[in-house]
Amino acid sequence: MRPILIDTDPGIDDAMAIAFAARSPAVDLVAITSVAGNAPIATTTYNALSLVSRFELDIPVARGAGCAIDGVASAPPTFVHGDDGLGNTAPVAGHHELATESAAELIVATARRFPQQLAIVALGQLSNLALALRLDPSLPELVAEVVIMGGVFGFAGEPGNVTPLAEANTHGDPLAADLVFRTAWPLTVVGLDVTMQTIMRAKHRTAMQRASDTGAYLYDVSAFYDRFYRDRHGLDGFPVHDSSAIAYLLDPTLFRTRRGALLAHCYGPSRGQTLFVADPATHTQLSLAKRPLHNACSDVRADDVLALFHETLKAS
Ligand code: BDR
Ligand code: CA
């Protein structure tokens, strides 16, 4: 089983993604690190501990960054994830103790524990990954794969979800995102281009509720999120953001990817906007020629992602 570490800001869809990974027989979820985003850091850390207890996972959980690496703290989107980050379901504290290391330290230690084997899946702003890269510049050689949910590249004409240009995770810490994009490691970005195509409708939610105890819990937690996307966006359900990154890790054939240089805008009204350039050497005015090429998801077999999610929860 492939070891994976999830860096996350739970968050309703983060909770679903953690369950998806924890219940998959194909990966071994070995650690979780928290970051601010869908709620303040104290809340996302509390939620990570609560979820680990609920899903009966015996793994370390470390607290991470409370703001972007430039010190900017975004206001939490309580209207999307509720005041408690988990849809106002009042998550219980559980019995899990917080690790003594910071998130960045746990990322580095876990990569050293599983050299060239670990997959890091980042489901929030990328502050912890940036801090881990600063802590150990050899991290890129230690990890087998990095998959992040974030960004939007215009493959499907999708706008940003926190500004007209930017997706929430890259907007939360664009300097960290750009550092992750500039790093030469095996990186795949799962952005709104594909997550907005994968909609969990009422029939999928009901099937999730019936699949298992974990599914029934996620049904309750996702009610608030479902209402937000129906009322505010007129969607017939809600988009599968963070679980799409897990789905990519479990079965990359469900996605079409494009290879190119990636960039995050860091300042001003375009803060957090992400750019994909397939042929950076020909666009000399962009000065991207030295950037490594990465995979960005451009299309998805959405029904198959939803089926994989359902089968995984059902089997648990
Ligand atoms: C991303 O932002 C957060 O609200 C979600 O958990 C997801 O990681 C979607 O833009
Ligand atoms: Ca998230």
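Here are a few things to note about the model shown:
- Qualifying residue in the range 51-63 (condition: in a helix (DSSP H, G or I), within 16 Å of ligand 1 (Cβ to nearest atom), buried (at least 24 other Cβ atoms within 10 Å of the Cβ) and modelled with pLDDT of 95 or more): yes
- Matching residues, the range 73-82, being out of contact with any Phe, Trp or Tyr (no Cβ under 8 Å at 6 or more places or on another chain), open to solvent by 50 Å² or more (accessible area, probe 1.4 Å) and in contact (Cβ under 8 Å) with a residue 12 or more places away in the chain: A73, S74, T78
- Cβ-Cβ contacts under 6 Å between residues 6 or more apart (or on different chains), taken from a first residue in the range 126-145 that is within 20 Å of V72 (Cα to Cα) and assigned to a helix (DSSP H, G or I) to a second residue that is charged (D, E, K, R) and open to solvent by less than 10 Å² (accessible area, probe 1.4 Å), are listed as S127/D173; N128/D7.
- Residue among V92, V162 that is within 12 Å of ligand 1 (Cβ to nearest atom), assigned to a loop (DSSP other than H, G, I, E, B) and among the β-branched types (V, I, T): V162
- Among the residues of the range 15-28, just one is within 15 Å of ligand 2 (Cβ to nearest atom) and over 13 Å from A247 (Cα atoms), namely A15.
- Residues of the range 160-191 satisfying the condition of being open to solvent by 10 Å² or more (accessible area, probe 1.4 Å) and either acidic (D, E) or within 13 Å of ligand 2 (Cβ to nearest atom) (or both): N161, V162, A168, N169, H171, D178
- Close contacts from the range 174-202, counting a first residue that is among the acidic types (D, E) and a second that is part of a loop (DSSP other than H, G, I, E, B), with Cβ to Cβ under 7 Å and a gap of 6+ residues or different chains, come to D178/C266; D193/V152; D193/F153; D193/F155; D193/A156; D193/E158.
- Out of I41, I4, one residue alone is more than 17 Å from T100 (Cβ to Cβ), touching a residue at least 24 places away in the same chain (Cβ under 8 Å) and either of a type in the set (V, I, T) or within 16 Å of ligand 1 (Cβ to nearest atom) (or both). It is I4.
- Subset of the range 7-38 [of a type in the set (A, V, I, L, M, F, W, C), part of a loop (DSSP other than H, G, I, E, B) and away from ligand 1 (no atom under 13 Å from the Cβ)]: A26
- Where helices (runs of 4 or more DSSP H) fall wholly inside the range 187-280, the ranges with 1 or more residues that are among the basic types (K, R) are 202-211, 223-233.
The values are calculated or read from the model by the stated rules, or taken from the named source; none is laboratory data. Computed from a predicted model, the values in this text were never measured in an experiment. Reconstructed Cβ throughout: ideal geometry from the backbone, glycine too, with neighbour counts over all protein chains shown. We work out accessible area using only protein heavy atoms, side chains counted, and drop any ligands, DNA or RNA first. Shrake-Rupley method; radii C 1.70, N 1.55, O 1.52, S 1.80 Å.
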